[in-house]
Amino acid sequence: MTLVGVWIAALLTLAIGSLLWKQNPAFRLAEHILIGFTAGHLVVINYYNVVNTGIKPLLYDGRLLNIVPIIIGALFYMRFSKRFAWLTRIPLSFFFGISGAVGIIGALDASIRQQVAATVLPLVTSYSSPWGSFTFLDVNNAIIIAGTICTLTYFFMTKRHTGIIGGTARVGRYFIMITLGARFGAVVMSRMSLLYERLYFLLHDWLNILK
Amino acid sequence: MGTRRLIPIIITATIAGIIFVGAFSGFGPLVMFMGVGMKWMVIIGGVAAGLGAVNLTQIHGRDFLRRRKEWWNSLALLVVMFGTIVIGIAFSPTHVIYRWLFDWVFTPLTTTMVSLLAFFIASASFRAFRIRSLEAGVLVGAAFLVILGRSAIGTEIWSGIPVIGAWIMDVPNVGGSRGILLGASLGGIAVFLRVILGIERGHFVG
């Protein structure tokens, strides 16, 4: 079974990789297989989510209230009826109500409170030695604090970017450029490592050229 | 505004209001409502997930039955999708057959697809990142140093390059990322509030 698996995986890898040459039937077939498996996998995972979270407690623990979300979810299928298509707004409204509120609460804590707390860093560092203690300006911490403030100022749209705000926003733009560049570099390298892994699979597991 | 539009807005605002009051007051029953709401999200989303499969079946079933161009791709998609669903539900996602499909079909397809992005990102950046200004130069310079710092050739050129690459990731990148995250979070909260208060109604169209 493993040998068959290696061959199938190698052929599918080559089919997807052939896109580097140009769009071709092998790539399109592999692409459709990927979409088919992904859709099927999502259905399977969600089936077990609904069964374990909704149906089993309903049938075995008598949690009758669980019928409500199942009915609400089923309303999504009303989109196939022209007359009742508007009913799909009901599950959507539940979705946006819960996810919106939970999203705001999460953002206030994780993305704002914790990020602000993490930016409150000491600007000076003390160093003790046999000759006495010295105090230095912690340049790295100063750069992090300045970067956060300047970048935030760049997104400050309710004031015209002139004077001090303009200068701070201009520095913020450089920090944004460094961040985007660094992120770009990190993404390229992560994709490259995946590519090495695929090449290693082809040359080692499939062709046995690499030992 | 018609009832058909008003009811969903009232539901959204009421549910969000209850969750807000529960989260910020710590009042027991309302906190419990938040927990129940999260479970309901999983169930509602789970039931709705089948909608994607129904849509795909409609589109690709039609393409296959009418023998449209490259209909065999549609057939392959439907066979793989229903095969995965049947195996996953009849056995389980941890069953040996399902795992075999996951390891030898799904993993190579996704990893190759994602790894190809390295080439497309590189070629797109080659066209987009023309150094016409100091800002563009800073972006390209940071990217170049991070890439060199994480590859063997960087160390071969000069042992300090990985140190500089790591410093860019750990210091200026952290400052910039925090600013972007804070800005995006504030923007996201504003959008969520507009949705909850019914000012933004684009998602109810149709």
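The values are calculated or read from the model by the stated rules, or taken from the named source; none is laboratory data. Everything numeric in this text was worked out from a predicted model, so none of it was measured. Here Cβ is always computed from backbone atoms with ideal geometry, including for glycine, and neighbour counts include all displayed protein chains. Just the protein is used for accessible areas: all its heavy atoms, side chains included, with ligands, DNA and RNA removed. Shrake-Rupley method; radii C 1.70, N 1.55, O 1.52, S 1.80 Å.
How well do other chains shield peptide A:108-120, expressed as the mean number of their Cβ atoms within 10 Å of each residue Cβ?
3
Would you kindly derive the ³J(HN,Hα) couplings of the stretch A:23-40 from the backbone phi angles with the Karplus curve 6.51 cos²θ - 1.76 cosθ + 1.60 (θ = phi - 60°), listing them in order in whole Hz, with x for Gly and Pro?
4, 8, x, 5, 5, 5, 5, 4, 4, 5, 5, 4, 5, x, 5, 4, 5, x
Tally Lys and Arg at +1 and Asp and Glu at -1 over the other residues with C-beta under 12 Å from the C-beta of B:Leu6: what net charge comes out? Present the calculation step by step, with values, prior to reporting the outcome.
On the way: positive: A:Arg89, B:Arg4, B:Arg5, B:Arg201; negative: none.
With Lys, Arg at +1 and Asp, Glu at -1, the net is +4.
Per-residue mean of other chain beta-carbon atoms within 10 angstrom of the beta-carbon, peptide A:130-142?
So the per-residue partner count for this stretch is 1.
Please list, in order, the residues from the stretch B:77-101 whose amide nitrogen is less than 14 Å from a point placed 7 Å along the Cα→Cβ vector of A:Leu59.
B:90
Any chance you could give the angle, 0 to 90 degrees and rounded to 10, that helix A:2-17 forms with the longest Cα principal axis of chain A?
The helix A:2-17 is inclined about 60 degrees to chain A.
Direction-averaged shadow area of the convex hull around the Cα atoms of the stretch A:1-151, nm²?
21.9
How much mean residue ellipticity at 222 nm does chain B get from its helices, if each DSSP H run of length 4 or more adds -39500 (n - 2.57) and you divide by all residues, to the nearest 500 deg cm²/dmol?
Result for chain B, helices only: -27500 deg cm²/dmol.
Sorted by packing (mean other beta-carbon atoms within 10 Å per residue), highest first, where do A:118-131, A:149-162 land? Could the numbers behind the result be given before it?
Details: A:118-131: 9.8, A:149-162: 15.7.
Averaged packing, sorted descending, gives the order A:149-162, A:118-131.
Could you give the length gained by full extension between B:Arg5 and B:Leu75, i.e. 0.36 nm per residue of separation minus their alpha carbon distance, to one decimal place?
This chain segment gains 21.3 nm when fully extended.
When the Cα centres of the stretch A:1-70 and the stretch B:1-38 are compared, how far apart do they sit, in Å?
Taking the Cα centre of each part, the stretch A:1-70 and the stretch B:1-38 sit 33 Å apart.
Applying 1/(1 + (r/R0)^6) with R0 = 35 Å to the Cβ-Cβ distance of A:Met157 and B:Ser25, what FRET efficiency is obtained, to the nearest 0.05?
Values: r = 33 Å, r/R0 = 0.94.
Plugging the Cβ-Cβ distance into 1/(1 + (r/R0)^6) gives 0.60.
Quick check on packing: order B:47-59, A:51-63 by the mean number of other C-beta atoms within 10 Å, highest mean leading.
B:47-59, A:51-63
Compute the length gained on full extension between A:Leu121 and A:Ile67: take 0.36 nm times their separation in residues and subtract their Cα-Cα distance, giving the result in nm to one decimal.
14.4 nm
Which length gain, in nm to one decimal place, applies between B:Ile153 and B:Phe82 when the Cα-Cα distance is subtracted from 0.36 nm times their residue separation?
20.8 nm
With a 1.4 Å probe and all protein chains left in place, how much accessible area per residue does the protein assembly as shown have, in Å²?
56
Helix-only mean residue ellipticity at 222 nm, chain A, DSSP H runs n ≥ 4 weighted -39,500 (n - 2.57), per residue, nearest 500. What is it?
-21000 deg cm²/dmol
First select every other residue whose beta carbon is under 14 angstrom from the beta carbon of B:Asp170; then total the charges, Lys and Arg +1, Asp and Glu -1.
Spelling it out: positives minus negatives among the neighbours equals +2.
Roughly how crowded by other chains is peptide B:195-204, in terms of the mean Cβ count from those chains within 10 Å of each of its Cβ atoms?
3
Apply the Karplus curve 6.51 cos²θ - 1.76 cosθ + 1.60, θ = phi - 60°, to the phi angles in the stretch A:173-185 and return the couplings in whole Hz, x for Gly and Pro.
Using θ = phi - 60°, the values come out as 4, 5, 5, 4, 5, 4, 4, 5, x, 5, 5, 4, x Hz.
Would you work out which of A:Tyr174, A:Thr158, A:Ala107 lies farthest towards the positive end of the dipole of the stretch A:88-174, given +1 charges on the beta-carbon of Lys and Arg and -1 on that of Asp and Glu, about the Cα centre?
Farthest along the dipole direction, towards plus: A:Thr158.
Of all alpha-carbon pairs in the stretch A:85-164, indicate the percentage at a distance above 16 angstrom. Intermediate results must be reported in sequence, preceding the final value.
Values: 2290 of 3160 pairs.
Of the Cα pairs, 72 percent sit more than 16 Å apart.
With the contact rule set at Cα under 8 Å and sequence spacing of 6 or more, what percent relative contact order holds for the stretch B:1-90?
About 13 percent, as a whole number.
Could you tally the net charge around A:Thr162, taking each other residue with its Cβ under 15 Å from the Cβ of A:Thr162, Lys/Arg +1 and Asp/Glu -1?
Numbers: positive: A:Lys159, A:Arg160, A:Arg170, A:Arg173; negative: none.
With Lys, Arg at +1 and Asp, Glu at -1, the neighbours total +4.
Can you list the HN-Hα couplings for the stretch A:107-123, worked out from phi with the Karplus curve (6.51, -1.76, 1.60; θ = phi - 60°), rounded to whole Hz and with x for Gly and Pro?
So the J values, rounded to whole Hz, are 5, 4, 7, 6, 8, 10, 4, 5, 5, 5, 4, 6, 8, 6, 10, x, 8.
For the protein assembly as shown, what is the charge dipole size about the Cα centre, in debye to the nearest 20, if Lys and Arg each add +1 at the Cβ and Asp and Glu each add -1 at the Cβ? Write down the numbers at each step before the final one.
On the way: 33 positive and 13 negative charges, 321 e Å.
Roughly 1540 debye for the protein assembly as shown.
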